[in-house]
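Inspection log for the structure reproduced underneath, given as structure tokens.
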Amino acid sequence: MPRSKIQLLELESSQGEKLSPLELADIAAADPFLCLRLLREAEGRRVQRLAHETTTPLAAVMQLGSDTFRKLLMACPETNEANPGLAECEARSHLASRLALRWGGARADISPDEIAMAALLAEIGELLLWSFAPELPMAAQAALRSGHSPRSVQAQVDSCGFRFKDLTLKCAAIWNLPSLLPQLIRGIESPRANLARISIDAARHLSTEGPDSPALPADIAEAKHVIPSASLEWLTEQLPGLDSEQVSRIAFKASDLIDPTHL
């Protein structure tokens, strides 16, 4: 995304020195295209060195080195931020990543950054379509808006013949991404994978339907099953842009889904 280059130059100008690996990783963690590019580059070098898999933005920066990161970022072609479909999908990916990081931390996960990275890259198939074949996601959106397809995934299958997530997983296999990431993106094989999937679903529901989305309470109820130590209110508060009344309403409906007898 163009903002990543701007952010790098602004931070370098304000600090007057090289950025730390953690600061560079924070830039990558907010940009799915950049994160993917770094990951592919780092994994290519890892295969040669037979090191551990690269599963977080910080690990990718450490694998490449700060100078290589900077050269790679500044040489990257830029996406078209004027494409509204791409911008919306990218913002949704970033939101899913932030949710995964917050919820993963509450679960005391061994590496919340891994779950966040999976959430960030889970929409890469759709992002590629918006970049190179926008007529496909546009057709899926039209099917959803018309009511011909009741859910976004069904709209994708009806209009394009495949789920966009399947394209993400196919690309992950072609690019030889670390095996952990597809497992987390699938969202069904472990509590960590479930948390990644819930984060992605909640980000989609909040972004496309707003805080009144009827699916959000179910997302929060699912998150509660994965993170039993967290309260429904706290889980809901991690959704950005909600006021206290909206938080209470969503948490109450989630509680009702978990235990209908609580009324």
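The numbers here are math on the coordinates, done by the rules we state, and not lab data. Worth saying up front: this structure is predicted, and the values here are computed from it rather than measured.
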Over the stretch 2-75: Rg over Rh, Cα atoms, Kirkwood Rh: 0.97
Tell me the mean residue ellipticity at 222 nm calculated for the chain from its helices only (DSSP H runs of n ≥ 4, each -39500 (n - 2.57), averaged over every residue, nearest 500). -22500 deg cm²/dmol
List, in order, the whole-Hz ³J(HN,Hα) value for each residue of the stretch 165-172 obtained from phi through the Karplus relation with A = 6.51, B = -1.76, C = 1.60 and θ = phi - 60°; use x for Gly and Pro. 4, 5, 5, 4, 5, 5, 4, 4
Among PRO77, PRO214, PRO57, whose mean-square fluctuation peaks in a Gaussian network model of the chain (Cα, cutoff 10 Å)? PRO77
Does anyone have the angle between helix 216-226 and the longest principal axis of the chain? Alpha-carbon axes, 0 to 90°, nearest 10? 70 degrees
Karplus ³J(HN,Hα) for the stretch 15-21 (6.51 cos²θ - 1.76 cosθ + 1.60, θ = phi - 60°; Hz, whole; x = Gly/Pro) runs 8, x, 7, 5, 7, 6, x
Multiply the residue gap between ASP158 and SER207 by 0.36 nm, knock off their C-alpha separation, and tell me the result in nm, one decimal place. 15.4 nm
Based on C-alpha coordinates, I'd like the Rg and Dmax of the stretch 84-262, in Å. 16.2, 50
In degrees, nearest ten, helix 112-121 long axis to first principal axis of the chain (Cα): 90 degrees
Return the sequence-ordered ³J(HN,Hα) values of the stretch 201-209 in whole Hz as given by the Karplus equation 6.51 cos²θ - 1.76 cosθ + 1.60 applied to θ = phi - 60°, using x for Gly and Pro. 5, 5, 4, 5, 5, 5, 6, 8, 10
Total lysine pairs under 27 Å (Cα atoms) in the chain, excluding pairs fewer than 8 apart on one chain: 5
